[in-house]
Amino acid sequence: MSNFFNDHLERLTQYQRYKSRVVRIGDIPLGGDHPIRIQSMTNTDTMDTGGTVEQTIRLIHAGCDYVRITAPSVKEAHNLGVIKTQLANRGYSVPLIADIHFVPRAAEVAARLVEKVRVNPGNYVDRKKFLQMEYTSQEYQNELDRIRERFLPLVRLCREEGTAMRIGSNHGSLSDRILSHYGDTPLGMVESAMEFVRICASENYHELVISMKASNTRVMIQAYRLLVDHMEKEKFNYPLHLGVTEAGDGDDARIKSALGIGSLLRDGFGDTIRVSLTEAPEAEIPVAIQLVKTAAKIAEHPKIEALTELPVDLFDYRRRISDPVQNMGGDKVPIVVADLSDVMGPPNHFLESVGYRHDLMHDTWEPGDLGADILYFGNNLQNPPLSINAITLYNSETWREVADHDISYPLFDLESYLNADLKHPVANFVKVNASGSIGQLPDDPGIVWVVSSGNVHQLASLRRFILELMNYSRRQPVILAYHSKDPNHEELLLSASAELGGLLTDGLVDGIWLVSDTVPILESNEIAFGILQASRSRMTKTEYIACPSCGRTLFDLEEVTAQIRSRTAHLKGVKIGIMGCIVNGPGEMADADFGYVGTGHGKISLYRGQMIVRPNIPQSEAVDALIDLIKTEGYWVEP
């Protein structure tokens, strides 16, 4: 079946920026060959003119190209003009973007005052009631006609005023009509936006930017790919705004954002980005700048051999079929390898740093939830007392000297494996470079490929290796070895998430191995597990789907997120949505197990999934009530 990637196989091994049309947003054009633009959103009350102006100026100085401000009603929309005037009086001409939900009239007011408006097709015309509806073809067309009639005034106004528009689909806020017809899917997100795009195009209005945001990185990546495919088929090429919505805070949020945004940037998609953190808006900008900077480095990468064919559907997640070898491959979750080849001293000096705890009763070390699955000792003949759940890996010559071959395995390079007179009867790890010829590799059962790449475009190089394995019907497990040259924790976190995470979201990987000369093993181990969690490949801790605060927020998101995290961080695999207002919940929580949503000043509603179960609780009681709900539903375990 013809689709964008099948028709453009070269894009998977050669960096090519997707050529979008240019959209003018004030005096900072977007798309085409223009730089990838960075934006953020204020979290002040829009009626607090002074506070909003000051925060906007801080964002400009941090490196923001565009600043978005919420306009929840006509009153706030009018005040955007006041804010713009005060900024101009102080010498700032940054393009402003009005963020609109539910109130078309506010969008129409804002379109006369600012350079761009953002509308969400899931709630611009429809109100979400979580109803399952069925339509005849004529009834569905009638709905489209109704949307067109309600949307046209804004389209025509933006065309006349020269105002740009972002049509922003969000995974969690699709309308009941779209959900009933397409399901809660990337295709539903794309079609939700395309309905509005087609209306704009029919009016010869093309100053559009499109986004497909989700908290689930797998859904987000698939939706953007599918959007490009649909736009190409309909002869559109509008710029793309990239973002992972409700990413949360701290390292987990940065990993999730880098995975979604960074992997798409490396594939040439994206004209503007916003990193959504439940932190001060200014904290988003350095992360965004670094993501753009690292993606730019790959533009002139060394040539990567082209694929012969594409053995996967990049619009639909399917785990690569691999044969199980020990604790890898098959239907097992991807594993983490920890590099302990340089460690010295007693076991507690290094095993605790890779997630192991000491079992006093048996005097052995046992991996915890964040315990590395394989401990690589290289030529270091460490022999710590490990439980039967642990696996050790040694360089092949050193492995011969290890007494216990039940839990220890050899690591060969290709030549030494082919010439070896002693191999493990169950599993042999073989290092190869991603640029090698797949056809010349042995097809022995029990091989686990440890693949690395020296190419600056590691994502493309590693992906090509795995896809060619599939083309040759090779089903051996694959571990990706990422040897970092990043100088610090955050740069390792961002680059590894983008390079490896995108392959995990496509289901191509059986394990990851991060090696850094500058970042402590404790940190690199935590980053590795964070990447698995962010890609939805392996859940080892609580996931917080927390929106970035904005002018609509009804409580202190940073403070409340910290309170909830302190009480629930031990709940492995539980997903908790923390939403500042009803716009971002319950829909935006998407697949959260529980939700904490601001529904009024000092009032919180609790959700089980997307269904409200305890409305309008006083905020002072809400965290305790959330814990009680988790316990009642059987998700609680004692810390």
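The values are calculated or read from the model by the stated rules, or taken from the named source; none is laboratory data. Being a predicted model, the structure only gives us computed values, none of them experimental. Virtual Cβ from ideal backbone geometry, glycine too; neighbours counted across all protein chains shown.
Side notes on the structure shown:
- Residues of segment 93-127 that turn out to be surrounded by fewer than 21 Cβ atoms within 10 Å (Cβ to Cβ) and under 24 Å from the mean Cα position of the chain (by Cα), as a count: 1
- Matching residues, segment 510-525, being assigned to a loop (DSSP other than H, G, I, E, B) and among the charged types (D, E, K, R): D510, D517
- Output for segment 491-515, where each listed residue is within 20 Å of G355 (Cα to Cα) and modelled with pLDDT under 95: V515
- Here the condition is being over 22 Å from the mean Cα position of the chain (by Cα) and either at pLDDT 95 or above or in a loop (DSSP other than H, G, I, E, B) (or both); of R464, R474, it holds for R474 alone.
- Criterion violated by S524 - all others in (1) touching a strand residue (DSSP E or B) at 6+ places or on another chain (Cβ under 6 Å); (2) among the hydroxyl-bearing types (S, T, Y); (3) over 14 Å from A214 (Cα atoms); (4) modelled with pLDDT under 95 satisfied: (4)
Matching residues to (1) surrounded by 19 or more Cβ atoms within 10 Å (Cβ to Cβ); (2) touching a residue at least 24 places away in the same chain (Cβ under 8 Å); (3) acidic (D, E); (4) closer than 22 Å to G378 by Cβ:
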| residue | (1), (2), (3), (4) |
| --- | --- |
| L459 | yes, yes, no, no |
| N488 | no, yes, no, no |
| E491 | no, yes, yes, no |
| G502 | yes, yes, no, no |
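- Every residue from segment 352-392 that is among the hydrophobic types (A, V, I, L, M, F, W, C), under 15 Å from S524 (Cβ atoms) and touching a strand residue (DSSP E or B) at 6+ places or on another chain (Cβ under 6 Å): V354, A372, I374, L375
- In the set G32, G51, G26, only one residue is in the same structural domain as N237 (by TED's automatic domain parsing), surrounded by 15 or more Cβ atoms within 10 Å (Cβ to Cβ) and at positive phi; that residue is G26.
- Residue within segment 292-306 that is crowded, with 24+ Cβ neighbours inside 10 Å and either over 19 Å from the mean Cα position of the chain (by Cα) or free of Cβ contacts under 8 Å to residues at least 40 places away in the same chain (or both) present: no
- Candidates R318, R274, filtered to the one that is surrounded by 15 or more Cβ atoms within 10 Å (Cβ to Cβ), basic (K, R) and out of contact with any Cys (no Cβ under 7 Å at 6 or more places or on another chain): R274
- Selection count where residues are outside any loop (DSSP other than H, G, I, E, B) and either touching a helix residue (DSSP H, G or I) at 6+ places or on another chain (Cβ under 8 Å) or not β-branched (V, I, T) (or both), scope segment 319-334: 1
- Residues in segment 322-368 that are in contact with a Pro (Cβ under 7 Å, 6 or more places away or on another chain), aliphatic (A, V, I, L, M) and assigned by TED's automatic domain parsing to the domain that holds I512: L351 alone.
- Being of a type in the set (A, V, I, L, M), under 25 Å from the mean Cα position of the chain (by Cα) and in a loop (DSSP other than H, G, I, E, B) holds for only one residue in V456, V451, V426, and it is V456.
- The residues of segment 185-204 that are assigned to a loop (DSSP other than H, G, I, E, B) and surrounded by fewer than 18 Cβ atoms within 10 Å (Cβ to Cβ), listed by number, are E203, N204.
- Within segment 537-585, the set of residues being assigned to a loop (DSSP other than H, G, I, E, B), over 22 Å from V103 (Cβ atoms) and basic (K, R) comprises R538, K541, K572.
- Residue in segment 149-164 that is touching a helix residue (DSSP H, G or I) at 6+ places or on another chain (Cβ under 9 Å), part of a loop (DSSP other than H, G, I, E, B), assigned by TED's automatic domain parsing to the domain that holds K84 and crowded, with 23+ Cβ neighbours inside 10 Å present: yes
- Helices (runs of 4 or more DSSP H) wholly inside segment 205-304 containing at least 2 residues that are closer than 21 Å to G577 by Cα and hydrophobic (A, V, I, L, M, F, W, C): 217-233, 250-257
- Scope segment 341-400; condition modelled with pLDDT of 95 or more and acidic (D, E); matching residues: D373, E397
- Answer residue from segment 602-639, given it is farther than 18 Å from L554 by Cα and hydroxyl-bearing (S, T, Y) and is farthest from the chain's Cα centre (by Cα) among those: T632
- Taken over segment 335-393, the residue count meeting the criterion of being within 35 Å of the chain's Cα centre (by Cα) and part of a helix (DSSP H, G or I) is 5.
- Breaking point among (1) more than 29 Å from V197 (Cβ to Cβ); (2) under 33 Å from the mean Cα position of the chain (by Cα); (3) among the charged types (D, E, K, R), for R148: (1)
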